[in-house]
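Note sheet for the following structure.
The values are calculated or read from the model by the stated rules, or taken from the named source; none is laboratory data. All figures in this text were calculated on a predicted structure; none of them were measured in a lab. Neighbour counts are summed over all protein chains in view; Cβ atoms, including those assigned to glycine, are modelled from backbone coordinates with ideal geometry. Side chains are part of the model used for accessible areas, which takes the heavy atoms of the whole protein and leaves out ligands, DNA and RNA. Shrake-Rupley method; radii C 1.70, N 1.55, O 1.52, S 1.80 Å.
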Amino acid sequence: MERTSHRIDTKLIHSGEPSPLIEGAVSMPIFQSATFESRGEHDYHALRYIRLNNTPNHDALHKKLAAVENAEAALVTASGMAAIATTLLTLLGTGDHLLAQNCLYGGTHDLLLNEFPRLGIEVGFIDGNAPQSWTAKVKPRTKAMYVETITNPLMGVADLPRVVEFAHAHDLIAVIDNTFASPVNFRPPDWGFDLSLHSGTKYLNGHSDIVAGAIIGRAALIEQINRKLGHFGGSLDPHACFLLHRGMKTLAVRVRHQNDSALKVARFLEAHPAVESINYPGLESHPNHDRARELFSGFGGVVSFELRGGVDSAEKFISRVTLPISAPSLGGVESLITRPATTSHSGMTAEERLRAGITDHLIRLSVGLESPHDLISDFEQALEG
Ligand code: PLP
């Protein structure tokens, strides 16, 4: 574990970098080699091989990721879903039970609902805002508790300190998907979470050009998950490691800009008569605003909202904006706009979505690095008439 007194901005640049620099290279070189010459290793997991996630590119990234969240260890994976699936399948086996938040990224929800039952893993859903209801949901074989820092796409913020307290009181592993906050706005290990997961595709990389994942947390757990990763095969290619490594160096400046811009955009939308509802934890009107202020250094770059006039108005707006690109995903330098019912959450049935509060006309906007002034002008023209 690298515990320096440096701020996150400094750690993003310097932590995990090879010392001495390899041939003096200022930027971490790419070790595009599937296998490495043996050095007398006797344990399978000590062999150096890309699938075992232990090339110099992996090692550097693991150290950097652990340092930025003040954790003992970290692992990169082939995607955010590889991070989530490998983690949960390490913690849970047939007959075990998971407590999960009731509003989650659609892919995670699908995994829990459509894959886990076939493996004999049971899932109970909890309301992150109602800790008094959690005890009744615990079963003898409950092993872990799973939440998102800021939920996708409704931007809810659960009572995260209570999640950790409750999980540890019941001997459960506390797992959080920290993708939406990024380590700049929230560092789960500082609050006692055992494992923090990321879709590195989003803010960590930040340039919408790779798919990657990260698992950060307690060394003993990371070690177990790494073994499973070697069997399941969801490791990250060295070239993608290089891009993620490069992207992370600008994480702090990107995320702070996105925090500021998203708040400006959210304030504009909140005041606009065409807007029916808006979800952004940085707004005073958000039901979890006080909690978000206490926990986070910033409120993130994603805003979701509904326009009056239903799906037609939403589609018209998406077709009229000129700057945001209509595409799923988030956390990149370019603003992206989507209707979750047709993309990130289309795997859920209409009934499941409505139960979770995701209407068909909900729009999710990931604010990029464009000038917020230009974005707001664009939204103004798109909402006219
Ligand atoms: N977690 C969250 C919160 C996400 O939004 C996503 C993807 O949108 C994922 C995990 C999955 O990540 P990936 O697409 O990198 O597998």
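Which members of segment 89-141 meet the condition of being of a type in the set (Asp, Glu) and either more than 16 Å from the ligand (Cβ to nearest atom) or closer than 19 Å to Leu195 by Cα (or both)? Asp96, Glu122, Asp127 - these are the residues of segment 89-141 that are of a type in the set (Asp, Glu) and either more than 16 Å from the ligand (Cβ to nearest atom) or closer than 19 Å to Leu195 by Cα (or both). Taken over segment 138-196, residues that are charged (D, E, K, R), within 12 Å of the chain's Cα centre (by Cα) and either open to solvent by less than 10 Å² (accessible area, probe 1.4 Å) or on the phi > 0 side of the Ramachandran plot (or both) amount to 1. Within segment 1-29, if we keep just the residues that are farther than 27 Å from Gly217 by Cβ and under 27 Å from the mean Cα position of the chain (by Cα), the residue that is most open to solvent (accessible area, probe 1.4 Å) turns out to be Ser27. Among the residues making up segment 156-189, a single one is free of Cβ contacts under 8 Å to residues at least 24 places away in the same chain and in a loop (DSSP other than H, G, I, E, B): Asp171.
The sole residue among Ser377, Ser329, Ser319 that is in contact with a Ser or Thr (Cβ under 7 Å, 6 or more places away or on another chain) and surrounded by fewer than 23 Cβ atoms within 10 Å (Cβ to Cβ) is Ser329.
Asp209 falls short on exactly one of the conditions (1) in contact with a strand residue (DSSP E or B) (Cβ under 9 Å, 6 or more places away or on another chain); (2) within 13 Å of the ligand (Cβ to nearest atom); (3) open to solvent by 30 Å² or more (accessible area, probe 1.4 Å), and that condition is (1).
When the residues of segment 190-245 are narrowed to those that are among the polar types (S, T, N, Q) and not in a helix (DSSP H, G or I), which ends up farthest from Gly300 (Cα to Cα)? Looking at the filtered set, the residue picked out is Ser235.
Being modelled with pLDDT of 95 or more and in a loop (DSSP other than H, G, I, E, B): is that true of Glu23 here? The answer is no for Glu23. Taking segment 332-357 as the range and being among the β-branched types (Val, Ile, Thr) and open to solvent by less than 20 Å² (accessible area, probe 1.4 Å) as the test, the residues that pass are Ile337, Thr338.
In segment 354-366, the residues that are within 21 Å of Ala181 (Cα to Cα) reach residues that are of a type in the set (Lys, Arg) with C-beta atoms within less than 8 angstrom, at least six apart or across chains, in these pairs: Leu362/Arg339; Ile363/Arg339; Arg364/Arg339.
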